[in-house]
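Okay, handing you the structure first.
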Amino acid sequence: MKKMKKLIMLLTMALSLSMLTGCLSLFLLAGSDDDNKESSQVAETRKPRERPVSSKNENTGKPQKKPIPRKKPIPAKTGNSSTCSGNSCNITKPNTSSGKKTNNDYLAEVKNFEFTTEDLDGRTVTSDIFKDYDVTVLTIWGSRCGRCKREMPHLQTIYEKFKNRNCNVIAVLADYKINSQSISRAKGVLNTAGVQFKCLKSNRDFMPLLRYIRPIPVVLFFDKDGNVIAEDGNDIFAGVVASEEELSQAMEKALRAVSK
């Protein structure tokens, strides 16, 4: 009997232990499911919120403009170009066969040009000076212009070469401000180049020329009546350093034109 009682007690204890183990397992499984659900909820709350696509600018709140397609760059206008070596330059003049007028073309059409101004020493000079010569070379320049400085000795050579053929050379100072400083600076340039011809101050009377001058220096040829001697813009030197040979050829052409 005693052995039976012990056996029953052991079986009872084993059964109780088995039941306790099963309950504990169920509890642990339930806790793990809750943890998984909680962690998934936390992960969902931490997901970045997707911003709705808006057509408004975030900074200004105004509707965004559609990007404007870039236009193709417009080719730069071609003008006189030069390749310089030493004191001479090879000039490539603009091609005006397209039919569009250039600034040089407008300068070539100047007629009966008249002016009243002063030279750098304050003496009055008028356009009547044209009447004394068959051809007058007029150069428009600036005292700070490097090309102008390099061209001055060439113009002096032309002056000496053609003065006995009733030709003249005149320079017109076209500095932005013509005052004692610019005049002093201009005289220094002229003295360095050994210039012996007159240099005048530009004023409003020269606007018919200055409005078409981009850039300096510009060399024009005038007859006795103040007309520019040129078939078209290709006969005008603009923005380049004309060599002595080129200026001499242009002077001969001008003399032939006035002798017809």
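Provide the FRET efficiency to the nearest 0.05 for the Y106-T192 pair, computing r from the beta carbons and using R0 = 30 Å.
0.35
Then there's this: What is the spin-label model distance, in nm, from K131 to K161 if the labels are put 7 Å beyond Cα along the C-beta direction?
My value for the distance between the label points is 3.0 nm.
Stretch E245-T116 to full length: gain in nm at 0.36 nm per residue minus the Cα-Cα span?
Length gained, E245 through T116: 43.3 nm.
Given K161/K260; K101/K163; K187/K253, which pairs have Cα atoms separated by over 29 Å?
Table pairs above 29 Å Cα-Cα are K101/K163; K187/K253.
How far apart, in nanometres, would the label points at I8 and D225 be if each is projected 7 angstrom from Cα along the Cα-to-Cβ direction?
Modelled inter-label distance: 15.4 nm.
What distance in nm separates the two pseudo spin-label positions at S259 and S184, each 7 Å out from Cα along the beta-carbon direction?
A separation of 4.7 nm, rounded to one decimal place.
Please list, in chain and number order, the residues 5+ apart from V172 or on another chain whose amide H is under 5 Å from its amide H, with Hs placed from the backbone.
The answer is T139, I140, W141, L200.
A further question on this structure: With the cut-off at 1.5 for a/c, could you classify the range 103-222 from its C-alpha gyration tensor as rounded, prolate or oblate?
rounded
Rule-based calculations on the coordinates, nothing more; no lab input. Keep in mind that what you see is a predicted model, and the values were worked out from it rather than measured. Cβ sites come from the backbone with ideal geometry, for glycine too, and all protein chains shown count toward neighbours.
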